[in-house]
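Below: one structure, written as structure tokens.
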Amino acid sequence: MSLLVVGLSHRSAPVSVLERASLAAETQAKLLQDTLAAEPAVEAAVLATCNRIELYADVDKFHAGVAELSTLLAQHSGVGLDELTPYLYVHYEDRAVHHLFSVACGLDSMVVGEGQILGQIKDALALGQELHTAGRLLNDLFQQALRVGKRAHSETGIDRAGQSLVTFGLEQLAAGADVADWARGKRALVIGAGSMSSLAAATLARTGVAEIVVANRTRARADRLVEILVQPGGTGVAARAVEMAAVCDELTRADVVVSCTGATGLVLTAEAVAEALGLDVGDAVETPAAAPAVPAPADIDRHAAWVENGSAGTVRQAVRRATVPAQGTGPVRLALLDLAMPRDIDGGTARLDGVRLVDIESLAEASADAPMAADVDQVRTIVSDEVAAFGAAQRAAHITPTVVALRTMAAGVVAGEIARLDGRLPDLDEKQRAEISQTVRRVVDKLLHAPTVRVKQLASEPGGAGYADALRELFDLDPQTVAAVSRADLNDPNRGRS
């Protein structure tokens with residue numbers, strides 16, 4: 001296993017950089033295809049969410065892999081490599097496994113313990129499978145990450161340590177008030193009908209809003225979400241779907257707006273919000289402050305250490321202080337929750353009187369000092385145990401083709417000797433021949449049993465990769481036979497399907 005991950009997240013980069021580096025669905029596909037086309041990667045998967053972009057790959061060269069993956073991320077994100085480099089982190093082999101398992105458990109999320117990341121990991125695996133860029137290693141890794149995440153949520157109280165990003169965002173909009181009391185009787189406009197918007201609509205319905213209006217570029221998806229919201233036995237909320245062209249009209253009636261689309265430009269401008277509220281937009285349009293200059297590390301291999309030493313965190317806090325707009329004054333007439341990356345709602349809306357805006361950037365700021373639950377330590381123990389188990393399983397799997405090839409060779413020897421016996425003793429009846437064949441096979445199986453079991457145990461330990469080579473040398477196994485077993489396992493259509 002030579003697993004490498006290169007990425008950036010809300011922990012290493014300011015939201016303004018994450019926003020510019022966000023990858024559309026078609027860009028993610030192109031990134032995976034280009035990663036496999038370039039050496040030294042033989043497998044690839046991309047995990048892209050609203051607060052992280054990570055490229056996973058099975059590489060045969062560490063230094064070349066870091067350089068290549070970093071360059072590919074820069075090329076496909078549109079952010080220059082020199083600018084992107086200070087915010088990138090690098091994890092390799094067991095550290096990469098530990099990182100993904102921690103992500104799956106919600107330990108690395110903006111809101112600790114949130115469960116949305118599991119669906120996003122599943123989507124990343126599905127894309128790799130669809131494009132055939134995820135092979136044996138990444139299929140095993142992502143499948144195990146999903147299992148570890150589910151185990152953490154079922155065996156610990158990590159759910160108490162955090163909520164979904166939607167719930168956390170609504171709490172920020174409520175500004176300390178009980179969310180149910182704050183939301184009761186309000187009219188909500190949900191823009192988008194994807195997984196995050198659907199979660200937002202369901203959460204709003206549970207909090208007791210009076211009405212939910214869903215607007216989406218594809219009307220059929222908006223209609224489907226409305227059907228789910230109003231189905232019998234549900235929350236009883238009134239809901240209807242509208243075209244995206246009707247959003248400005250709906251703004252005049254809405255009390256709260258949640259937006260999470262895949263648009264590359266703004267969905268709600270400050271001018272549109274001001275017009276809906278009968279305000280003069282004035283100087284509401286936000287002009288983000290320039291990010292402070294950051295010296296790039298001397299060597300790309302030092303990304304992880306550079307980030308851990310706090311340089312990127314210092315820059316991130318500085319950028320946040322410089323770019324988070326001041327909120328408008330007066331009673332809140334319209335509450336806006338922007339969960340999209342890049343942003344859907346103009347940051348300048350926050351300067352309008354009577355408007356409260358919460359977006360990914362302000363959520364990151366609010367969650368920076370959130371208390372950690374005691375259950376987090378238990379989850380970290382689970383992650384450490386699962387990383388060790390995954391490494392052992394991968395090392396053991398590495399020797400399996402060699403063991404299979406050894407047993408195949410032994411079976412061939414037995415078959416050859418039985419055939420030779422038939423030629424020398426042609427008068428043997430079927431019963432005698434079967435008894436002799438079974439006896440020879442039992443002898444061979446008993447001779448091979450202890451060594452093959454022991455070699456699997458030894459190979460699962462750190463540094464055990466050399467046992468496969470030793471086995472091949474001792475028994476003079478044909479390398480092509482071993483490779484054929486590996487290919488058969490890799491091409492199993494049922495392997496790693498989610």
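List of remarks:
- Taking a quarter of the surface of the Cα convex hull of region 51-187 gives a mean projected area of 11.3 nm².
- Among the listed pairs Lys122/Lys186; Lys30/Lys122; Lys30/Lys456, those whose Cα-Cα separation exceeds 28 Å are Lys122/Lys186; Lys30/Lys456.
- Protection proxy ranking of 259-271, 423-435, 177-189 - average other beta-carbon atoms within 10 Å, highest first: 259-271, 177-189, 423-435
- Extension gain (nm, one decimal) between Asp422 and Arg224, 0.36 nm per residue minus Cα-Cα: 64.2 nm
- Surface share of carbon and sulfur [accessible, 1.4 angstrom probe, percent] for region 372-418: 63
- All lysines inside 16 Å of Lys61 as judged from Cα atoms, apart from same-chain residues fewer than 8 positions distant: none
- Accessible-area value, Leu279, 1.4 Å probe, nucleic acids and ligands omitted, Å²: 60
- Mean Cβ neighbour count within 10 Å, used as a protection proxy, ranking 143-149, 114-120, 32-38 highest first: 143-149, 114-120, 32-38
- Using bins of 10 Å that start at zero, the share of Cα-Cα pairs per bin across region 28-101 amounts to 18, 57, 24, 0, in whole %.
- Rounded FRET efficiency, nearest 0.05, which uses the C-beta distance separating Ser384 from Glu430 and R0 of 51 Å: 0.30
- Gain on full extension, evaluated as 0.36 nm per residue between Arg184 and Thr408 minus their Cα-Cα distance, stands at 73.7 nm.
The values are calculated or read from the model by the stated rules, or taken from the named source; none is laboratory data. Since this is a predicted model, take the numbers as computed values, not measurements. Virtual Cβ from ideal backbone geometry, glycine too; neighbours counted across all protein chains shown. Only protein heavy atoms, including side chains, enter the accessible area calculation; ligands, DNA and RNA are left aside. Shrake-Rupley method; radii C 1.70, N 1.55, O 1.52, S 1.80 Å.
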